[in-house]
Amino acid sequence: MQPWTSAAHGRSEYLRLRNVVDALVRIAEHSGDTGPFLDEATATVMELTRATGAVVLTSARGGLQVRSARGQMKHIEPAAFDAGHTLAPACLRSHEAMHSNNVEGDDRVRVRIRKGRAIRSLICTPLRYGDDVLGVPEVCSSVVHAFDDIDAQAVALIGNALGGALGRQLELDEKARLLARLEAALQTTRAQARQYQDAALCDALTGLPNRAHFLQRLREMCERDDLADPFAVMFLDLDGFKQINDRHGHATGDAVLREVANDLGTRLREGDFIARLGGDEFVVLAPGIREGTRNVASIADDLQQALARTRPVEGVCLGIHASIGWVLHTPGSSASSLLARADAAMYAHKKRRRTGGESRAPGACVVDT
């Protein structure tokens with residue numbers, strides 16, 4: 001940038017105006033990074049006007065906010081601007097550019113700051129964005145009559161350009177904040193939806209999948225045509241559960257159901273799907289039964305042995321006895337028919353146990369398909 005020799009020199013004025021245009025172009029093409037952009041703008045306006053200080057202030061709820069400051073303006077406390085120790089508050093109220101050649105006799109400027117900081121001349125202009133005034137840029141000098149009309153026009157032009165650029169950036173920032181809030185709300189909504197979905201498919205007492213979830217999974221398995229091995233549906237019902245509730249209370253009964261859920265989870269394979277249908281009824285979807293009925297029988301025996309072991313439940317030593325029935329899936333079987341057949345197998349087993357045809361030793365019965 002070439003210096004000028006005097007305000008009246010024609011070539012100097014031409015160079016000053018050209019430099020103002022260059023500054024306006026740079027402002028219009030700024031990258032959008034507000035902090036460095038405003039710092040560059042204050043440095044530019046100081047250089048163009050030969051000021052000894054410059055500041056960009058924006059309006060905020062708590063008063064004027066210093067966004068960038070250089071030179072003498074850097075040493076002024078933020079509260080001093082709100083208190084009227086420069087032209088900034090008056091400029092914001094009037095929405096008009098202001099120029100003071102000698103602040104000593106200017107009623108718009110308070111005495112305390114101008115004596116303490118040796119500020120003698122000021123130019124201030126609104127930062128306009130549409131119908132809004134976002135703040136003010138202000139330049140100062142330590143000498144009187146430091147600024148001429150070209151300086152005032154340069155500050156006004158740069159103020160207008162700064163207002164447009166800052167306004168656009170503020171809009172982008174607000175849109176980014178809005179998008180962030182919307183994304184956060186969407187994530188919260190998705191999380192709540194997942195919670196509601198999980199709750200709708202989960203048994204609150206045991207934490208196992210519920211009837212609806214089990215039937216959904218069973219239908220999916222029945223519709224698959226790529227199964228290399230058949231799968232089994234096992235139906236489990238506790239023996240004497242009503243007596244446990246009547247004798248020891250429902251809290252103990254609930255604890256028994258949680259014990260069953262825990263035993264099933266620890267004894268069955270990782271790929272087996274366990275659910276509580278309701279009451280004291282549990283079901284298991286066991287895929288990949290390669291050895292047919294003998295494999296399922298082994299699984300059922302193991303479950304009955306695990307449940308029957310005596311353990312303290314709510315201060316009561318109990319062994320949990322269960323009747324188990326199962327069926328193997330055959331092509332064309334529906335979910336409802338498989339579940340009904342497994343249920344019938346379980347009741348056939350329970351009946352044999354009640355009539356003495358079978359002891360409480362581990363075992364199960366199968367309904368022919």
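The values are calculated or read from the model by the stated rules, or taken from the named source; none is laboratory data. Values in this document were obtained by computation on a predicted structure and should not be read as measured data. Note: ideal-geometry Cβ built from the backbone for every residue, glycine included; neighbour counts use all protein chains shown. We work out accessible area using only protein heavy atoms, side chains counted, and drop any ligands, DNA or RNA first. Shrake-Rupley method; radii C 1.70, N 1.55, O 1.52, S 1.80 Å.
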Whichever residue in the range 201-227 is in a loop (DSSP other than H, G, I, E, B) and in contact (Cβ under 8 Å) with a residue 40 or more places away in the chain and, among such residues, is farthest from ALA275 (Cα to Cα): LEU227
Please go through the range 235-256 and pick out each residue that is aliphatic (A, V, I, L, M), in contact (Cβ under 8 Å) with a residue 60 or more places away in the chain and either closer than 20 Å to LEU339 by Cβ or open to solvent by less than 30 Å² (accessible area, probe 1.4 Å) (or both). LEU236, LEU238, ILE244, VAL256
Members of the range 65-103 found to be among the hydroxyl-bearing types (Ser, Thr, Tyr) and in contact with a Cys (Cβ under 9 Å, 6 or more places away or on another chain), listed by number: THR86, SER100
For the range 70-84, name all the residues that are assigned to a loop (DSSP other than H, G, I, E, B) and either in contact (Cβ under 8 Å) with a residue 60 or more places away in the chain or not small (Gly, Ala, Ser) (or both). ILE76, GLU77
Return a yes/no flag: does the range 227-234 have any residue that is surrounded by fewer than 20 Cβ atoms within 10 Å (Cβ to Cβ) and under 41 Å from the mean Cα position of the chain (by Cα). yes
